[in-house]
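Have a look at the structure below, then the notes.
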Amino acid sequence: MPTYQAKLKFKREIADGTMAFHFEKPEGLTFEAGQFAGCTLVNPAETDAKGNTRAFSFASAPYENDLILATRMGGTAFKRMLKAMEPGMEIKLNAPHGSFTLHKGISAPAVFLTGGIGVTPVRSIVLQAIHDKLSQRILVFYSNRKPEDTAFLEDLMVSHDEAPDYTFVGTMTDMETSGREWQGETGFINKAMLLKYIADLTLPVYYLVGPPAMVAAMHKMLVEAGVGDGNIRMEEFSGY
Ligand SMILES: Cc1cc2nc3c(=O)[nH]c(=O)nc-3n(C[C@H](O)[C@H](O)[C@H](O)COP(=O)(O)OP(=O)(O)OC[C@H]3O[C@@H](n4cnc5c(N)ncnc54)[C@H](O)[C@@H]3O)c2cc1C
């Protein structure tokens, strides 16, 4: 896979403890919505046992000008060095990787089950599908503790008028600790919640993405609800 150098334009906090990094799109780099890059820091001042490379999904859609990576800011040297990057500094991207992309050519709805930073490839896929005016039914179930923690919430709350085939179901699991208002669902994503929006759970193709424990819990829930493994696609953010 080719390697590119991408220059940081700016960084911004998109939720409590979560940052987005906007890079100039290197010439020649193309990817499909949902794919990821191996991201390597260039000459970082400190390093750690896991090294200077991490996998990050592209949070931006291919049509967007900026290349956006987003991450929970953790305690490793990698995350500290990423956070310290200033505009104009470069990162190495080995890309594109992965096949967590929207199915084509079948009429089954696509149902995304995600939480926390697992939202990155979902943002890319949904925004690209809306931009392309795909007549594909897409539902996104997105779980977080509270709105303050929820990355890209506004980007994903696209109205029915703008995207008639798209349904966004945000759910918060810990609203007691929130200072914001929330009109959407509360509690974990479960079979009962899915059944409020999907008449026959066995029909859609499901896309599960996020930390491994969440992906495993969602997979178990779907299998117990009678969904066949052939209808379940998974992307584990190993490392969390
Ligand atoms: C295909 C794929 C796509 C991915 N896409 C994304 C993405 O878009 N965004 C994203 O954020 N991640 C993504 N990941 C995960 C990413 O690659 C990293 O593994 C993840 O961000 C963790 O980074 P980190 O190792 O620097 O650890 P941190 O985030 O710093 O921490 C990870 C874990 O280690 C613990 N920890 C950290 N520092 C210490 C310490 N000093 N002592 C003890 N424990 C510590 C933390 O508590 C935490 O549980 C993806 C992974 C894959 C495989």
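Kindly list the number of the only condition in (1) within 20 Å of the chain's Cα centre (by Cα); (2) at pLDDT 95 or above; (3) assigned to a loop (DSSP other than H, G, I, E, B); (4) farther than 20 Å from GLY226 by Cβ that fails for LEU134.
Condition (2) is where LEU134 drops out.
Being touching a residue at least 40 places away in the same chain (Cβ under 8 Å) and not hydrophobic (A, V, I, L, M, F, W, C) is true for just one of GLY226, GLY239, GLY187, GLY170. Which residue is that?
Step by step, each of GLY226, GLY239, GLY187, GLY170 is checked, and only GLY239 is touching a residue at least 40 places away in the same chain (Cβ under 8 Å) and not hydrophobic (A, V, I, L, M, F, W, C).
Restricting to segment 28-53, name every residue that is touching a strand residue (DSSP E or B) at 6+ places or on another chain (Cβ under 8 Å), of a type outside the set (S, T, N, Q) and either in the same structural domain as ALA151 (by TED's automatic domain parsing) or more than 13 Å from the ligand (Cβ to nearest atom) (or both).
Hits for segment 28-53 are GLY28, LEU29, GLU32, VAL42.
Among VAL126, VAL119, which is touching a strand residue (DSSP E or B) at 6+ places or on another chain (Cβ under 9 Å), more than 10 Å from the ligand (Cβ to nearest atom) and either at pLDDT 95 or above or over 30 Å from ALA192 (Cα atoms) (or both)? Can you show your working first?
Details: VAL119 fails: more than 10 Å from the ligand (Cβ to nearest atom).
Every option except VAL126 fails the conditions.
Of all the residues that make up segment 54-93, how many are without any contact (Cβ under 8 Å) to a residue 40 or more places away in the chain, surrounded by 14 or more Cβ atoms within 10 Å (Cβ to Cβ) and either assigned to a strand (DSSP E or B) or more than 6 Å from the ligand (Cβ to nearest atom) (or both)?
Total satisfying the criteria: 2.
Name the one entry in ARG180, ARG233, ARG145 that is of a type outside the set (Asp, Glu) and away from the ligand (no atom under 16 Å from the Cβ).
Answer to the check: ARG180.
Against the definition (outside the structural domain of GLY179 (by TED's automatic domain parsing), more than 9 Å from the ligand (Cβ to nearest atom) and crowded, with 20+ Cβ neighbours inside 10 Å), how does ALA15 come out, yes or no?
It is true that ALA15 is outside the structural domain of GLY179 (by TED's automatic domain parsing), more than 9 Å from the ligand (Cβ to nearest atom) and crowded, with 20+ Cβ neighbours inside 10 Å.
The values are calculated or read from the model by the stated rules, or taken from the named source; none is laboratory data. What you are looking at is a predicted structure, and each value in this text was computed from that prediction instead of being measured. FYI the Cβ positions are ideal-geometry reconstructions off the backbone, even for glycines, and counts take in every protein chain you see.
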